[in-house]
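The values are calculated or read from the model by the stated rules, or taken from the named source; none is laboratory data. This is a predicted model, so every value here is computed, not measured. Here the Cβ is made from the backbone with ideal geometry for all residues, glycine too, and neighbour counts use every protein chain on show. The accessibility values were calculated without ligands, DNA or RNA, using every heavy atom of the protein model including side chains. Shrake-Rupley method; radii C 1.70, N 1.55, O 1.52, S 1.80 Å.
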Amino acid sequence: MLKIINSFTKINHLRCNISTFNALREEEKKKSKKKVSETVELVTLVDTNDKMLGLKPKSETEKLAKKLNLLLERVDDPKYGKMYPAYKLVSSADLLKAESKTSTSRALKKLPINCRISDHDLTTKLQIIQKWMTKNCEVHVAVMGSQDMSELKKTVFEKIQEQLKDQGRIIDIRKKGDAIKFIILPPKVPPAKQTERNKDASPIE
């Protein structure tokens, strides 16, 4: 009789352990699914001919744009669906043409920046650019320095890109002579309402 009781006790203990294991496994699955959904942002990708390429992870579209030497432009059009944000692959030339058609009255500003600029002076120039952005200006920037200062020029460019990610759109990035040149355009929506980070710019290699 004691053996039977012990057997039932062991069986019940085993069942309890199995139930606990299954519960923990289900919890881990839920956490894993939640983690994936939080880290992978899906977007609708549109090619240069307005053809939908389907849903893709945002990071994958950025790599594809960089590989093709194109930019990603956010497009708000119901024909691309409303559930996921849509991004179109565009060239710098096409983006500039589109901007010139809609912004013929935009004032042009030019701003040269020495790559040896101090952080304080760079902050001052960024404030000037932000002020121009609020006035719908187009800013042509040249980060200048000798050929052996390529890393300094790249660092200054990346600081500008980071600080202006919500205040403007950086396009037409190119190396010309001893300078990194690019154009900063006002955001398409007011900065206070802009929820998407600017991905128009590709990092300088």
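Quick grid of which residues meet (1) more than 17 Å from the chain's Cα centre (by Cα); (2) not in a loop (DSSP other than H, G, I, E, B):
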| site | (1), (2) |
| --- | --- |
| Thr44 | no, yes |
| Thr48 | yes, no |
| Leu64 | no, yes |
| Tyr84 | no, no |
Report, ordered by the first and then the second residue, all pairs with beta carbons closer than 6 Å, sequence separation of six or more or different chains, a first member in the range 122-133 that is closer than 14 Å to Leu108 by Cβ, and a second member that is open to solvent by less than 60 Å² (accessible area, probe 1.4 Å).
Ile129/Val139; Trp132/Val139; Met133/Gln167; Met133/Gly168; Met133/Pro186
Looking at Thr104, Thr20, can you tell me which residue is under 27 Å from Met133 (Cα atoms) and at pLDDT below 55?
Thr104
Can you work out which of the residues in the range 43-58 that are touching an Asp or Glu at 6+ places or on another chain (Cβ under 8 Å) and more than 22 Å from Arg174 (Cα to Cα) is surrounded by the most Cβ atoms within 10 Å (Cβ to Cβ)?
Lys58
Looking for something open to solvent by less than 60 Å² (accessible area, probe 1.4 Å) and touching a Gly at 6+ places or on another chain (Cβ under 6 Å) - is there at least one such residue anywhere in the range 72-94?
no
Report the residue count in the range 111-143 for those that are surrounded by 14 or more Cβ atoms within 10 Å (Cβ to Cβ) and either assigned to a strand (DSSP E or B) or among the hydrophobic types (A, V, I, L, M, F, W, C) (or both).
17
Scope the range 113-157; condition within 20 Å of Lys176 (Cβ to Cβ) and among the small types (Gly, Ala, Ser); matching residues
Ala142, Gly145, Ser146, Ser150
